Amino acid sequence: MNELRKPHGAGRSTFDLIDADRLFQALNVHRSMVLLDLGAGSGDYTIPLAEVAGPEGRIWAVDAWAEGLRRVRQRASDRHLHNITTLVADANRHIPLDDRIIDICLMATVLHDLLRDGTGETVLRETVRVLKPGGRLAVLEFKKIEGSPGPPLAIRLSEKDVENLLTPFGFRIDSVSDVGKYHYLLIASRPAP
């Protein structure tokens, strides 16, 4: 597949700005889970997710930035992690995964960028499609506060902004956690039918 246009924020990671222990505690990842790191970049979240999920788990790293995913593959190889699959794709068009296979989808500081490139309707509809019944969507975003680091204030999403985006797609907000000076983690689920 040809490399897609380099997305907003590609190459920059927020992993060093968050409290990883708080993040992983809130995510409640178990061994053998199937996870989607949507907007995976170079894998700063993918790699620790793969380690927590263990060899029985599976991590799909999806991004429009092929170079970032090449780095994910190299980092996974260096750590002898064989539970990561990378896919180059524009989530605002399609997530190239089967229906109802994902336990947790993580969007780590990418939702605001996806909204720059579209309405968010396709990516949220696609997320609903790939989540298992009762699956969870974890949205890590910059707090809506002035200053660096992070995008301009007008682009940032408050917890209420994210809730307003998710509820029309059948999500209910399970929790909002403070995971660092600049970030919050909102976890939403779609009740099983």
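The values are calculated or read from the model by the stated rules, or taken from the named source; none is laboratory data. These numbers were taken from a predicted model, which means no experiment stands behind them. Positions of Cβ are generated from backbone atoms using ideal geometry, with glycine treated the same way; all protein chains shown enter the neighbour counts.
Candidates are the residues of the range 55-77 that are crowded, with 19+ Cβ neighbours inside 10 Å and touching a helix residue (DSSP H, G or I) at 6+ places or on another chain (Cβ under 6 Å); the one that is farthest from Leu38 (Cα to Cα) is Val72.
Please determine whether any residue of the range 29-40 is within 12 Å of Ala108 (Cβ to Cβ) and in a loop (DSSP other than H, G, I, E, B). Yes: the range 29-40 contains one or more residues that are within 12 Å of Ala108 (Cβ to Cβ) and in a loop (DSSP other than H, G, I, E, B). Residue by residue through the range 10-28, note down the ones that are part of a loop (DSSP other than H, G, I, E, B) and in contact with a Pro (Cβ under 8 Å, 6 or more places away or on another chain). Thr14, the sole residue that qualifies. Counting only strands (runs of 3 or more DSSP E) that sit completely within the range 92-184, those holding 3 or more residues that are surrounded by fewer than 16 Cβ atoms within 10 Å (Cβ to Cβ) and either at pLDDT 95 or above or charged (D, E, K, R) (or both) correspond to 172-178. When residues in the range 29-84 are screened for being among the aliphatic types (A, V, I, L, M) and free of Cβ contacts under 8 Å to residues at least 24 places away in the same chain, 0 of them pass. Out of the range 50-74, which residues are of a type in the set (Gly, Ala, Ser), under 25 Å from Gln25 (Cβ atoms) and not in a strand (DSSP E or B)? Across the range 50-74, the qualifying residues are Ala50, Ala53, Gly54, Gly57.
The residues of the range 26-50 that are modelled with pLDDT of 95 or more and either over 16 Å from the mean Cα position of the chain (by Cα) or among the aromatic types (Phe, Trp, Tyr) (or both) amount to a single one, Tyr45. Across the range 78-91, the qualifying residues are those that are surrounded by 17 or more Cβ atoms within 10 Å (Cβ to Cβ) and out of contact with any helix residue (DSSP H, G or I) (no Cβ under 8 Å at 6 or more places or on another chain), and the one among them that is nearest to Pro55 (Cα to Cα) is Ala89. Is it the case that Arg129 is within 21 Å of Ile59 (Cβ to Cβ), charged (D, E, K, R) and without any contact (Cβ under 8 Å) to a residue 60 or more places away in the chain? For Arg129, the condition - within 21 Å of Ile59 (Cβ to Cβ), charged (D, E, K, R) and without any contact (Cβ under 8 Å) to a residue 60 or more places away in the chain - is met. Residue pairs whose Cβ atoms lie under 8 Å apart, separated by 6 or more positions or on different chains, with the first residue in the range 135-164 and more than 15 Å from Ala108 (Cβ to Cβ) and the second among the hydroxyl-bearing types (Ser, Thr, Tyr) and surrounded by 12 or more Cβ atoms within 10 Å (Cβ to Cβ), are Gly135/Ser189; Lys144/Ser158; Ile145/Tyr182; Glu159/Tyr184. Once the range 94-126 is narrowed to residues that are of a type in the set (Ser, Thr, Tyr) and over 21 Å from Asp44 (Cα atoms), the residue that is nearest to the chain's Cα centre (by Cα) is Thr122.
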